[in-house]
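The values are calculated or read from the model by the stated rules, or taken from the named source; none is laboratory data. These numbers were taken from a predicted model, which means no experiment stands behind them. Note that we place each Cβ from the backbone using ideal geometry, even for glycine, and neighbour counts take in every protein chain shown.
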């Protein structure tokens, strides 16, 4: 009851005209920033932070919270419409979102992304409201050994699940890990594979890599495989009415969104794991337990729903360690932490006692931000789907230019632009040879955290690998990995034995 | 990423499939070699800087070898025409020190639409100019991205 009362008080604080306006502006800006390839919520919040210092702290944090949610919604748009994921979690969204666009169902993919983002975000915020401190302490139970085991589980499942050929999927995963070892790793402080180039000292930037491998390689594919929207009758299928989800489709995305909301939120509270792991594990779970799981990756709205609900719930989850313990769970939360400290607030266990107005105002503003973001996002869908009607003769040069500008704007570096171009050509040939690209990118994102956690775990145990078995969480995760690897083999042997028995009986 | 083209002839499929796999094997072996010989695999009771490159490089090379032995030459149809945008964009990027980012990208759109897509010059200029304007306003003015100006602007001013 205390929590409900505090939440209602929070709503009383946050539901003023100026705060609602701030939420609307924040959500709108967030959608724009999130939709621009190369920019993400960290950039958006960093850009807006100085402006909010003039405001009342509660209004400021409401605006930033809404911007964060808006970015989460907008990040999926370029992934669905152009196959250019705006940020790492959107890589998973593009797996089903872009095929849906190619089938002329881009509007439905956008609606699904928005509605499941809303459901996932709401699940995440509700869990944060009622279990915030508990969630934060669960997150703390994940030490280096547990985090390493969790990321290893994600890596093992990536290769097996994405693409038609698991061997090629695993090779792509290995290549992603190898690319992530370029530069000075945080675990060792030693330059690797830099070949004396100062541009490689910080490693490869993720955004130019993802823009090249997904966006620019798509331009090369489009050069020959052109989709003529008029000839394929896409215009009739891209109207607002055709984009709305029917009852059957809504029924199919609700279980996926709720399940992914819970998974995403739990992963989001783990420092460093973040929205990418949240959206990917949600997608994996959907593929394993959801209806039509085997169809995921070929253009299913359930795939978009799982990914989007997972990453929005993870965004809410990352606030739990920030507010309860003062530990940011993601890059965006780290920027927000800076903002809170500049307002004179010290996030941590005492924040709930010393500044209850602010904390509950912030939590209630997340509900407000989520509602504003979904309203703004739904309102612009009719305009967004028109993008799909633009002919390839215009799309090819414009997307190519967006790829160049997006990859340059991350670090203001021409090296990144050339790298993006090379990555696009390499990805084009890999895709032509049926090597899936998504495992490579996801492995690239997860590897630095895996390497650091593995090193830290073995430092703690002084080189004793039994640390992974002594921890019940890590041991469970490692058992899951073993099952994951062995299950397909056992299933294959079982099916072969059954077929032999049947043949013997028939003879 | 969906990129399913029509199946090409077996010879071309063989070359694309085997060349890509061989390149990945070579990369894996290079990573494993550097990891083993240069960076150190195990040090101070834990994995060294070369541990991941060695394990992952060997993994990629071994699986790549297995893939070659399976002799499944599956690849989509690709041709030199697919690489035109990369070549044209490479030339456009090379002109950025002269024209600056916004002008070079505007010229790329205009030239591509007019010369490759055979659109009218007026339409090409309108779309190229519009796209350049949006990029300048969004990235240059609002997000304050410091685009390269190009030597031409310096000479003119």
Region B:116-149, residues that are at the interface with another protein chain (Cβ under 9 Å from one of its Cβ atoms) and touching a residue at least 24 places away in the same chain (Cβ under 8 Å): B:116, B:131, B:132, B:135, B:147, B:148
Residues satisfying the stated conditions in region A:243-271, i.e. surrounded by fewer than 18 Cβ atoms within 10 Å (Cβ to Cβ), in contact (Cβ under 8 Å) with a residue 24 or more places away in the chain and not in a helix (DSSP H, G or I): A:244, A:245
Any hit, region B:52-74, residues being within 7 Å of another protein chain (Cβ to nearest Cβ), surrounded by fewer than 22 Cβ atoms within 10 Å (Cβ to Cβ) and closer than 25 Å to residue A:148 by Cβ: yes
Test for residue B:82: is it at the interface with chain A (Cβ under 10 Å from one of its Cβ atoms) and surrounded by fewer than 15 Cβ atoms within 10 Å (Cβ to Cβ): no
Members of region B:98-133 that are part of a helix (DSSP H, G or I) and surrounded by fewer than 15 Cβ atoms within 10 Å (Cβ to Cβ): B:98, B:115, B:121, B:122, B:126, B:129, B:130, B:133
Selection count, region A:463-507, where residues are surrounded by fewer than 11 Cβ atoms within 10 Å (Cβ to Cβ) and in a loop (DSSP other than H, G, I, E, B): 2
The listed residue being more than 27 Å from residue A:300 (Cα to Cα), in contact with a helix residue (DSSP H, G or I) (Cβ under 8 Å, 6 or more places away or on another chain) and free of Cβ contacts under 8 Å to residues at least 40 places away in the same chain, out of A:60, A:44: A:44
So residue B:30, is it more than 7 Å from chain A (Cβ to nearest Cβ), closer than 23 Å to residue A:187 by Cβ and part of a helix (DSSP H, G or I): yes
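The rows are residues; the columns are (1) in a helix (DSSP H, G or I); (2) modelled with pLDDT of 85 or more; (3) within 9 Å of chain B (Cβ to nearest Cβ).
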| position | (1), (2), (3) |
| --- | --- |
| A:175 | yes, yes, yes |
| A:210 | yes, no, no |
| A:214 | yes, no, yes |
| A:226 | no, no, no |
Residue check, residue A:428 assigned to a helix (DSSP H, G or I), more than 10 Å from chain B (Cβ to nearest Cβ) and modelled with pLDDT of 90 or more: no
